[in-house]
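For reference, the structure is listed below as structure tokens.
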Amino acid sequence: MYRATKGIKLPTTITGSLPRPSWYTEDLGSRSFLDAMVNSSFREQYTDAVSIYLHEQEAAGLDIVTDGDAHFDRDVGGQSWTAYPPRHMSGFDRHPTPTLAGKGGLAFPRGHILHDYLEARVMPSITGPVGRGELQYTAMWKTAQRLTKKPVKFGTITPELVAFAVADHHYENVRDRILAIADALNEEMHELADAGCQVIQMEEPQIHLLAVRKIVDAVINPAFSVEVFNRTVKGLRAKTEVWCHSCWGNPSQQRMFAQVQSYAPALELFNQVDADVVTFESCSSGGMDLEAIGKTIGDKKVAIGVIDHHTLQVERPEEVADHLRRALEHIPAERLVISSDCGMGREGMSRRHAFYKMVSLVKGTNIVRGELGLPQAECLAADERYSLVVRAK
């Protein structure tokens, strides 16, 4: 159900995560969010960080904002994206162990920056039936939403990535493990939607990654990934706007593949996900899939990334505008959403770089909005009246 993007042409947003302020030194760890918010130091730092994230997004002029994934800890490579659920759901022990590497997944040798990321995959094991436990996503969303009038998009990792990252001493097979996590997340997402969250984003179903790697068995295959996604979001579209986020990975803002990948093998499958919006990484690939996406994705809105999360080079507004013009050749404006390729807060980018990337995203979109006769967003960060540079008369 379209809520946040309803009636808006070319709405702007970012994927989710933003770089942590240097003074934000409190970590959530294994505490529940509500328990941590009892601590005055954590509460002050967390709330201040969320306030800054929201303010910077509003100053840039984004239409849909996020809480910057402020509940994530200062983990190597942004590992909290994967680690938060198993550290807070029920059915997991409290004694993290290293995740086995190299069994059909991506492997990086010692000497590669992402080898550190693999070493940091130290997760709790499953020891009993998995449940929501203390995810407390609704409380996190409320903490952000009460600070802004703009819709706050809330995102979470999909079940299979959690299931692949942990040891299992309870379920008989990986399929049962994945579906149990999916059911627990579905329950959590319904509480979030019932509280009034206008956009829920499920991040990184393995549909496209499995399709390009041609991994097929009874469980690890693209079709089952679609089934898992739909089970996780079952019933949600009657209550809120559901987004399916896809990209090619970015721990420590690094590429996970040596070569640029295409979504083409998976686009028909993305038509089958029970989502209102499907997001695609596009900037870092030079927009190579825009035509295929436009031809294949039918009745859903499409969010394209026009900001590259891998690089510190801030895109020029003219580059963003050119990317949008190319997208509009294949995707109508009423179905196009403007975003970043992926999150900008996974241990590789400064706050200043992320902020000006958001500013360029909005300024570039405003160029195209002007060409189409659409209302332009106020971008306070680009208002010349507030420049500290003294202009010669």
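The magnitude of the dipole of the range 138-232, with charges of +1 and -1 set on the Cβ of Lys/Arg and Asp/Glu and taken from the Cα centre, is near 600 debye. By definition, a body whose alpha carbon gyration tensor gives a ≥ b ≥ c is oblate when a/c is 1.5 or more and a/b is not larger than b/c, and the range 155-275 fits this oblate description.
Rounded to the nearest 20 debye, the dipole size of the chain about its Cα centre is 600 debye, using +1 on the Cβ of Lys and Arg and -1 on the Cβ of Asp and Glu. Using Cα springs under 10 Å in a Gaussian network model of the chain, which residue among Asn221, Asn250, Asn39 shows the largest mean-square fluctuation? Maximum among the listed residues: Asn39. If you take the square roots of the eigenvalues of the alpha-carbon gyration tensor of the range 254-340 and sort them as a ≥ b ≥ c, do you get rounded (a/c under 1.5), prolate (a/b over b/c) or oblate? Here the range 254-340 falls in the oblate category. In summary, the lysines within cross-link reach of Lys363, defined as a Cα separation below 24 angstrom excluding same-chain residues under 8 places away, comprise Lys6, Lys9, Lys149, Lys150, Lys153, Lys301. Of all aspartates and glutamates in the structure, those lying under 14 Å Cα to Cα from Lys357, and not within fewer than 8 positions of it along the same chain, are Glu56, Glu58, Asp308, Glu315, Glu318, Glu319, Asp341.
Neighbour counts of C-beta atoms inside 10 Å place Trp243, Trp141 in the sequence Trp141, Trp243, starting with the fewest.
Compute the Cα gyration tensor for the range 28-184, then decide on rounded, prolate or oblate, letting a ≥ b ≥ c be the square roots of its eigenvalues: rounded whenever a/c is under 1.5, prolate when a/b is larger than b/c in the other cases, and oblate in all that remain. In terms of gyration-tensor shape, prolate.
For the chain, the mean residue ellipticity at 222 nm estimated from helices alone is -11000 deg cm²/dmol, where every DSSP H run of n ≥ 4 contributes -39500 (n - 2.57) and the total is divided by all residues, rounded to the nearest 500. Summing Cβ point charges (Lys, Arg +1; Asp, Glu -1) relative to the Cα centre of the range 185-262 gives a dipole of roughly 360 debye. Toward the positive end of the charge dipole of the chain, with +1 on the Cβ of Lys and Arg and -1 on the Cβ of Asp and Glu, the farthest Cα among Val390, His309, Ala223 is that of Val390. Taking each residue as 0.36 nm, the span from Gln272 to Arg146 lengthens on full extension beyond its C-alpha to C-alpha distance by 41.9 nm. Most tightly packed first, judged by the mean number of other beta-carbon atoms within 10 Å of their residues, the peptides 345-355, 107-117, 366-376 read 345-355, 366-376, 107-117. Rounded to the nearest 5, the antiparallel percentage of DSSP beta bridges internal to the chain is 15%. For the chain, relative contact order (Cα pairs under 8 Å, six or more residues apart, normalised by length) works out to 21 percent.
Bear in mind these aren't lab numbers, they're just calculated from the coordinates by the rules spelled out. Computed from a predicted structure; not experimentally measured. Methodologically, a virtual Cβ is constructed for each residue, glycine included, from the backbone with ideal geometry; neighbour enumeration extends over all protein chains shown.
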